[in-house]
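Report on the structure given below.
The values are calculated or read from the model by the stated rules, or taken from the named source; none is laboratory data. Since we're looking at a predicted model, the values are computed, not measured. FYI the Cβ positions are ideal-geometry reconstructions off the backbone, even for glycines, and counts take in every protein chain you see. Surface accessibility is based on the protein's heavy atoms, side chains included, excluding ligands, DNA and RNA. Shrake-Rupley method; radii C 1.70, N 1.55, O 1.52, S 1.80 Å.
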Amino acid sequence: MTYLVDGEQYISLLVEWGGGQGQYHKKVDQLYPGTVYTFKLGGTATLPSREAAPQRSLITGSTTAAPEDIGRGMNVYLRNCVTCHGEPGSGGGVIPDLLRSAPEVYEALDFIVLGGALAGLGMPGHSRQLSSSDVADLRDYLLFVAASLRSGITPQRLNQDLGAMQRQALDRQK
Ligand code: HEC
């Protein structure tokens, strides 16, 4: 936006890797917090430097869940979570990458996802759409993707594996 204060012209930009769409287009690994930059017409100040937030590592742990449970978890994620959280593993932006969350977050998953514990911070509770068993499948899906990425699997191979699991879950539903 642009605006005038006491005869001085300013331009302000909001810069961040936003929700799912922003993360899809993310071109660098660094995570910066969302920032408002303001420029003044004829201004001469230099930009203050700042530290890049460190990259967080992938969660540890794996799952022994059946492929169709992982596939079901993936469907839950795609229907309810991907628009804000983006592709799991992408690194996150203003909205966290769930494959890089702290262990305590996984311990509190029901509380956050169903109970709406972080609703005041923009993370809606999903108790009307989802059950504890959906959250368990979701957890298995996230653990499976994290373990696959840690093993160095190619994205193509991961997508093939997940596609097969998703089809098994959908077949089971019929
Ligand atoms: C409308 C956007 C939106 C949707 C949809 C959404 N989330 Fe979130 N979620 C957020 C935001 C924003 C935060 C960050 C809250 C904060 O600042 O602590 C968050 C945080 C979280 C966290 C805490 C992560 C951490 O490391 O602190 C978990 C877990 C989570 N979401 C799971 C989910 C799951 C699972 C779904 C799908 C069932 C989902 N979210 C759907 C916006 C969303």
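Pick from Ile11, Ile95, Ile112: which is most flexible by mean-square fluctuation in a GNM of the chain where alpha carbon atoms under 10 Å apart are linked?
Ile11
May I ask what percent, to the nearest 5, of DSSP beta bridges between residues of region 1-110 are antiparallel?
Antiparallel: roughly 100 percent of the beta bridges in region 1-110.
Put a dot 7 Å past each Cα toward the Cβ at Leu14 and Val105; how far apart are the dots in nm?
It is 2.1 nm.
How would you order 162-169, 70-77, 150-157 from highest to lowest mean count of nearby Cβ atoms within 10 Å?
In descending order of packing, they fall as 70-77, 162-169, 150-157.
Given a 1.4 Å probe and every protein chain left where it sits, what share in percent of the accessible area of the chain is carbon and sulfur?
Its accessible area is 56 percent carbon and sulfur atoms.
May I ask for the Rg/Rh ratio of region 72-119, computed from Cα atoms with Rh as the Kirkwood radius, given to two decimals?
Rg divided by Rh gives 0.94.
Taking the Cα centre of region 1-144 as origin, work out the dipole magnitude from +1 charges on Lys and Arg Cβ and -1 charges on Asp and Glu Cβ, in debye rounded to 20.
Magnitude of the dipole: close to 280 debye.
Give me the number: length gained by fully extending Tyr24 to Tyr37, i.e. 0.36 nm times residue separation minus the C-alpha to C-alpha distance, one decimal in nm.
2.4 nm
Can you pull the Kirkwood radius for region 49-174, inverse mean 1/r over Cα pairs, to one decimal in Å?
With all distinct Cα pairs of region 49-174 included, I get 15.2 Å.
Find out how many positive minus negative residues lie around Ser57, taking Lys and Arg as positive, Asp and Glu as negative, among other residues whose Cβ is under 10 Å from that of Ser57.
+3
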